[in-house]
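Peer 1: Before I ask anything, here is the structure I am working with.
The values are calculated or read from the model by the stated rules, or taken from the named source; none is laboratory data. Please read these numbers as outputs of a predicted model, since none were measured by experiment. Positions of Cβ are generated from backbone atoms using ideal geometry, with glycine treated the same way; all protein chains shown enter the neighbour counts.
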């Protein structure tokens with residue numbers, strides 16, 4: 001049965017409105033706290049947030065629910081999602097909560113729940129919490145605002161940065177390397193520059209002055225153009241653009257070429273294979289991974305295993321198959337030997353280390369021919385199975401017949417928004433445009449809002 005509150009990446013919405021109203025948020029904390037109390041003697045829950053102006057309101061409502069259920073919220077302040085996941089996994093916490101809407105604008109926010117393992121809770125766990133939340137959220141909740149103590153914030157930041165520094169590749173020297181960091185006015189605004197400067201890098205930080213409303217605003221991993229231009233202007237060795245909660249990273253080579261998650265997976269796979277550390281000669285990607293990546297890996301004797309879109313599904317397949325490298329085109333990369341969650345700062349550190357050891361990023365991704373690809377988003381009023389809609393099925397069948405083995409089509413719904421996504425990939429750009437438009441038009445005519 002589809003979940004009403006939890007999507008592929010927690011609970012998302014507009015602050016102050018369901019499901020991010022004070023009542024629902026209180027009962028999210030209460031349901032989680034009650035469940036954890038049944039399994040743990042001491043229930044400390046670490047709470048972090050990105051830089052959105054609504055973060056403290058949401059965190060405070062959830063904290064009140066936790067306290068009422070007998071749990072103890074510990075505030076980590078502004079910190080990345082993978083930072084919370086790392087601290088929870090390495091520390092004495094039963095769970096973690098991140099208040100963030102990742103790459104979305106400041107008008108959105110969300111609540112992500114993280115288990116003690118550092119991974120997201122299973123779908124079944126979230127479904128059980130959801131039933132409790134929905135059953136109780138009409139009940140009364142405290143009206144007073146909750147105030148957090150901040151005495152442990154810097155200590156937690158230092159612990160996370162110490163961990164990251166220990167993940168630098170053996171032999172890599174970042175001293176003197178010029179790196180441009182686009183911090184998306186988000187959670188990496190302080191942590192990113194501090195990490196790389198502590199390793200001796202010459203850091204040029206941009207979009208690192210959050211004001212509560214400028215997170216992801218024309219910057220970060222969805223808008224890396226300014227970062228790419230700055231790399232060329234400053235003759236930097238590398239550029240990195242994070243998203244709002246810094247679990248993603250998009251790169252620029254020294255020549256100003258954009259390198260997304262597909263390129264990073266190829267570069268990392270080549271390194272790990274050469275070091276005898278790539279398990280199973282397999283990389284886990286999603287249905288969105290470019291066909292060019294699959295072919296480039298095949299030339300290296302490596303295979304790409306595809307999963308549905310979403311880092312939780314990538315991780316599930318990695319754990320099932322024993323793979324230790326996986327990720328998404330969006331720049332969400334999982335180095336499983338280091339962490340069970342995608343971490344933009346960790347990925348940036350790995351790639352900077354690789355550039356130090358093996359040369360320019362352009363050379364690390366040679367042989368990757370990126371097939372023309374587009375994603376068309378169609379706003380929908382409902383989400384029936386797309387293939388069950390006759391007009392959509394007909395448009396899809398026509399496109400698949402025409403493309404054959406020279407292209408791919410992926411139809412799916414967004415897990416966090418009322419959108420149908422049409423991805424078309426082909427050798428010829430005109431085929432991409434033609435078939436993406438025909439399928440999107442069929443969806444729009446049938447269930448468009």
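Peer 1: Among the residues of the stretch 255-283, which ones are in contact with a strand residue (DSSP E or B) (Cβ under 7 Å, 6 or more places away or on another chain), over 15 Å from residue 332 (Cβ atoms) and in a helix (DSSP H, G or I)? Step through it out loud before you land on a result.
Peer 2: So the first thing to find is which residues in the stretch 255-283 are in contact with a strand residue (DSSP E or B) (Cβ under 7 Å, 6 or more places away or on another chain), and the list is 258-261, 264-265, 268-269, 272, 278, 281-283.
Restricting the remaining residues to those that are over 15 Å from residue 332 (Cβ atoms) gives 258, 269, 272, 278, 281-282.
Of everything in the stretch 255-283, those that are in contact with a strand residue (DSSP E or B) (Cβ under 7 Å, 6 or more places away or on another chain), over 15 Å from residue 332 (Cβ atoms) and in a helix (DSSP H, G or I) turn out to be 269, 272, 281.
Peer 1: Looking at the stretch 49-94 only, could you name the residues that are closer than 26 Å to residue 212 by Cβ and in a strand (DSSP E or B)?
Peer 2: Answer for the stretch 49-94, where residues must be closer than 26 Å to residue 212 by Cβ and in a strand (DSSP E or B): 49, 73, 74, 75, 76, 77, 78.
Peer 1: Okay, moving on. Taking the conditions exactly as written (farther than 16 Å from residue 99 by Cα, touching a residue at least 12 places away in the same chain (Cβ under 8 Å) and outside any loop (DSSP other than H, G, I, E, B)), does residue 25 satisfy them or not?
Peer 2: It is false that residue 25 is farther than 16 Å from residue 99 by Cα, touching a residue at least 12 places away in the same chain (Cβ under 8 Å) and outside any loop (DSSP other than H, G, I, E, B).
Peer 1: A follow-up question, please. When you scan the stretch 138-245 for helices (runs of 4 or more DSSP H) that lie fully inside it, which ones turn up with 3 or more residues that are in contact with a helix residue (DSSP H, G or I) (Cβ under 8 Å, 6 or more places away or on another chain), within 23 Å of residue 268 (Cα to Cα) and at pLDDT 95 or above?
Peer 2: 153-165, 188-198
Peer 1: Can I ask one more? Run residue 232 past the list (1) without any contact (Cβ under 8 Å) to a residue 60 or more places away in the chain; (2) within 16 Å of residue 334 (Cβ to Cβ); (3) out of contact with any strand residue (DSSP E or B) (no Cβ under 7 Å at 6 or more places or on another chain) and report the number of the one that doesn't hold.
Peer 2: Tallying (1) without any contact (Cβ under 8 Å) to a residue 60 or more places away in the chain; (2) within 16 Å of residue 334 (Cβ to Cβ); (3) out of contact with any strand residue (DSSP E or B) (no Cβ under 7 Å at 6 or more places or on another chain), residue 232 fails exactly one: (2).
Peer 1: Identify the single condition in (1) over 19 Å from residue 254 (Cβ atoms); (2) without any contact (Cβ under 8 Å) to a residue 60 or more places away in the chain; (3) surrounded by fewer than 17 Cβ atoms within 10 Å (Cβ to Cβ) that residue 193 does not satisfy, given that it satisfies every other one.
Peer 2: (3)
Peer 1: For the stretch 291-314, give me each residue that is touching a residue at least 60 places away in the same chain (Cβ under 8 Å), in contact with a strand residue (DSSP E or B) (Cβ under 6 Å, 6 or more places away or on another chain) and surrounded by 20 or more Cβ atoms within 10 Å (Cβ to Cβ).
Peer 2: 291, 309
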